[in-house]
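Since every read-out is calculated from the coordinates, none of them should be taken as a lab result. Keep in mind that what you see is a predicted model, and the values were worked out from it rather than measured. Backbone-built Cβ (ideal geometry, glycine too); neighbour counts: all protein chains shown.
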Amino acid sequence: MTAASKLLMAPAPAPSGAFDPLADIAWAHAYWAEGPEFVALSVAPDATVGTWPDEIGTADLTQGGGTQQPIYKTTAGPGGVPSILGDGTDVMSTTFTTLTQPNTIVFIGKCPQTSGNRFAYDGLDSSNRNTFLRGSGGSFQYNAGTTITAATADTNDHLWVTIYNGASSDSQQDGTSYTGSAGTHSISGLRVFANNASLLQWVGYISFLGVYDGTLSAGDITALETWATSHYGITIT
């Protein structure tokens, strides 16, 4: 989508004092199942999604093959509000200007699948792969060259804020931090619902996915946590 189109489709201002997940954080790229650009596509409930618009930039996630397109769900995702469902065969991808570390990826979703490696997102190629997955050993993990266990895997709704910053990397699940040296990879795009090497697809929902150039501030993380509680019913610990 062009920059001119985005100016024409700018979201209406949020009510005074209300947190706006698109406007109140300076994302490089953001994908939201309730975002104005996605809503403008008028995707029918339970229909496949060939394009998931970048609400900030022009790096839309796309998938041309119908059998690998995820499904738009209006009530089955986190909080019972709209989400995009990957069924284990789906993948969407995009490229964008490479972001070196530090960078932050935020996503809200859940993974009902309880076995096998399942990638929520992957940074596209073997040298630029900031990833997050449900590992076959029963844990959520993040990786930018080195795998860090983030939490024991479950099927609940979650907010993950993953900061990729070498030895200072940190993945926060619902406010609880899992730190370690995740590696130093940059990111040159996204493959969502799957990884690059063998397409180990996420079986579950992604409601929001934001890419931030830098380390997301404590204030922004707090605002996201408050919003995740009020909008999705996620308990922050």
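Below are the figures for this structure:
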{"read-out": "Size of region 128-194 as Cα extents on the principal axes (Å, biggest first)", "value": "29, 25, 21"}
{"read-out": "Candidates GLY166, GLY219, GLY64, ranked by Gaussian network fluctuation over the chain, Cα under 10 Å, top entry", "value": "GLY219"}
{"read-out": "Choice from ALA18, ALA76, ALA153 with maximal GNM fluctuation in the chain (Cα, 10 Å cutoff)", "value": "ALA18"}
{"read-out": "Gained length - THR147 relative to ALA26, 0.36 nm times residue gap less alpha-carbon distance", "value": "40.8 nm"}
{"read-out": "P(r) tail fraction, the chain - alpha-carbon pairs more than 33 Å apart, %", "value": "8 percent"}
{"read-out": "Among GLY123, MET92, CYS111 - extreme Cα towards positive end, dipole of region 10-149, charges at beta-carbon", "value": "CYS111"}
{"read-out": "Selected from ALA167, ALA59, ALA150 as most flexible by GNM, with the chain as the system and alpha-carbon contacts under 10 Å", "value": "ALA167"}
{"read-out": "Cα centre as origin, Lys/Arg/Asp/Glu Cβ charges: the chain dipole, Debye", "value": "400 debye"}
